[in-house]
1. Name the one entry in Ser80, Ser49, Ser58 that is modelled with pLDDT under 85 and over 25 Å from Phe3 (Cα atoms).
2. Need pairs with beta-carbon distance below 7 Å; first residue in contact (Cβ under 8 Å) with a residue 12 or more places away in the chain and basic (Lys, Arg) and within the range 1-26, second surrounded by 10 or more Cβ atoms within 10 Å (Cβ to Cβ) and part of a helix (DSSP H, G or I); sequence gap 6+ or separate chains.
3. Would you pick out the residues in the range 60-80 that are of a type in the set (Val, Ile, Thr), in contact (Cβ under 8 Å) with a residue 12 or more places away in the chain and within 13 Å of Gln42 (Cα to Cα)?
4. Quick one: would you say Leu46 is without any contact (Cβ under 8 Å) to a residue 12 or more places away in the chain, over 18 Å from the mean Cα position of the chain (by Cα) and open to solvent by 60 Å² or more (accessible area, probe 1.4 Å)?
5. List the number of the failed condition for Gly5; all other conditions in (1) more than 13 Å from the chain's Cα centre (by Cα); (2) exposed (fewer than 14 other Cβ atoms within 10 Å of the Cβ); (3) part of a helix (DSSP H, G or I) hold.
6. Which of the residues that make up the range 70-85 are exposed (fewer than 11 other Cβ atoms within 10 Å of the Cβ) and not in a helix (DSSP H, G or I)?
7. Given Leu54, Leu67, which one is in contact with a helix residue (DSSP H, G or I) (Cβ under 6 Å, 6 or more places away or on another chain) and part of a helix (DSSP H, G or I)?
8. Restricting to the range 8-30, give me the number of residues that are among the β-branched types (Val, Ile, Thr), loosely packed, with under 14 Cβ neighbours inside 10 Å and closer than 22 Å to Gly76 by Cβ.
Amino acid sequence: MAFSGAVNAADYMMNDEVTLREVVKRFSADVAKGVVTGVAVQGTVLLGSSAAALAGFSIPVAGQVALFAFACFGIGYAVSCFRVL
C-alpha cells in the first residue's frame with residue numbers, strides 16, 4: 001500500500017492532467033482492495049488449517065505461510081483484474 005501511495009503521488013506530481021481527487025480515489029481503492037484481499041486470505045488460511053485439524057493432522061507453519069502467500073497473489077489478482085471493487 002505504501003508503494004501504491006508513492007506511485008499515485010509521483011503520478012500527481014509529474015502529470016498535469018491528474019487531479020488530487022483522482023489520486024485520492026485511486027489510493028482509496030487500493031487500500032480497499034488490500035483490506036478485502038487480506039481478510040479473504042486470512043479466512044482461507046484459517047479454513048485450510050481448520051480443515052486439516054478436523055482431518056487429524058496439522059499443517060506446519062511453513063505450509064501456512066506458503067498458503068497465505070499463494071492465496072494473496074490469487075485473491076489479489078481476482079480483486080484487481082475482475083474489478084470486484
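The values are calculated or read from the model by the stated rules, or taken from the named source; none is laboratory data. The shown structure was predicted, so the numbers you read here are calculated from the model rather than taken from an experiment. We place every Cβ from the backbone using ideal geometry, glycine too, and count neighbours over all the protein chains shown. Quick note on the areas: whole protein, heavy atoms, side chains included, nothing else; ligands and nucleic acids left out. Shrake-Rupley method; radii C 1.70, N 1.55, O 1.52, S 1.80 Å.
1. Exactly one residue qualifies, and that residue is Ser58.
2. Arg26/Asn8
3. Selection gives Ile75 alone.
4. no
5. Among (1) more than 13 Å from the chain's Cα centre (by Cα); (2) exposed (fewer than 14 other Cβ atoms within 10 Å of the Cβ); (3) part of a helix (DSSP H, G or I), the lone unmet condition for Gly5 is (2).
6. Within the range 70-85, Phe82, Arg83 qualify.
7. Result of the check over Leu54, Leu67: Leu67.
8. 1
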